[in-house]
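The values are calculated or read from the model by the stated rules, or taken from the named source; none is laboratory data. Keep in mind that what you see is a predicted model, and the values were worked out from it rather than measured. Glycine also receives a Cβ, built like all others from the backbone with ideal geometry; neighbour counts cover every protein chain displayed. For accessibility, only protein heavy atoms count, side chains too; no ligands or nucleic acids. Shrake-Rupley method; radii C 1.70, N 1.55, O 1.52, S 1.80 Å.
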Amino acid sequence: MSRRIQVIGAHAADFVWRAGGAIAKTVERGGVAEVVALSYGERGESGELWKQPGQTVENVKRARHEEAQAACAELGASFRALDLGDYPLEIGAAELQAIAEVIREFAPDVLVTHTDTDPFNPDHPVAFRAVDRARSLAAGAGVQSAFATVKPPALYLFEPHQPELCNFTPTTFVDITSVFERKRAAMAHMKAQAYLQTYYAQRAEHRANHARRASGNAEVRYAEAFQRVIPQVVSEL
Ligand SMILES: [Zn+2]
């Protein structure tokens, strides 16, 4: 059965470092993937672009949109940006409804976002709270509701930059070996944050080591780590 994965990040490039492999893997297996950026990270996460003299916010947004779209194309995902602003990302009632609508429209089987804590980033925990709340709004309470609802998606958190400081405990590893070159190609499009490409390639090798230990599968060369939030319902253990 083909799966639908939706990855919602605070900024335009968050998905590629943390879930690029999982996205490509879903697509490789016949599923559908959508990436949603709440903002472009135009002010706080576009370091290389702000080194250019005369740079403007509008120009940075345009460049970030093109980068994210090109990275998504490598992975086989579609990309949409809500352009809600960054540093700080502010979520009011209208923004919350817009995120819930995006979840209703795509109706994902799997929803992926940030952890609830990040001492070095003002927007990532805000994105977690917004996406978690929007997920509940979109899915309702499992009963008939006065508004359109979708089947409750599984919720996973992707790996933050400093996992020990962000309440992150990996519960799930995705073997991304077969799609790693696509992830590498997608990361290469994020020229505004070129300094992260080597780091996340190394991270995938470290997580593969952990995945090999957990599974006994010596074939895993690259992996991504996720934390599952919603309980899994299975017919047997
Ligand atoms: Zn970010």
Q. In the range 48-97, what count of residues is obtained for those that are part of a helix (DSSP H, G or I), under 17 Å from V36 (Cβ atoms) and open to solvent by 40 Å² or more (accessible area, probe 1.4 Å)?
A. 7
Q) Filtering the range 6-47 down to residues that are open to solvent by 10 Å² or more (accessible area, probe 1.4 Å) and in contact with a Ser or Thr (Cβ under 8 Å, 6 or more places away or on another chain), which residue is farthest from the ligand (Cβ to nearest atom)? A) G30
Q: Could you tell me whether the range 60-79 includes any residue that is closer than 19 Å to G31 by Cβ and basic (K, R)?
A: no
Q: Search the range 132-158 for residues that are free of Cβ contacts under 8 Å to residues at least 12 places away in the same chain and pair each with any residue that is among the hydroxyl-bearing types (S, T, Y) when their beta-carbon atoms are under 7 Å apart and the residues are at least 6 apart or on different chains.
A: G140/T149
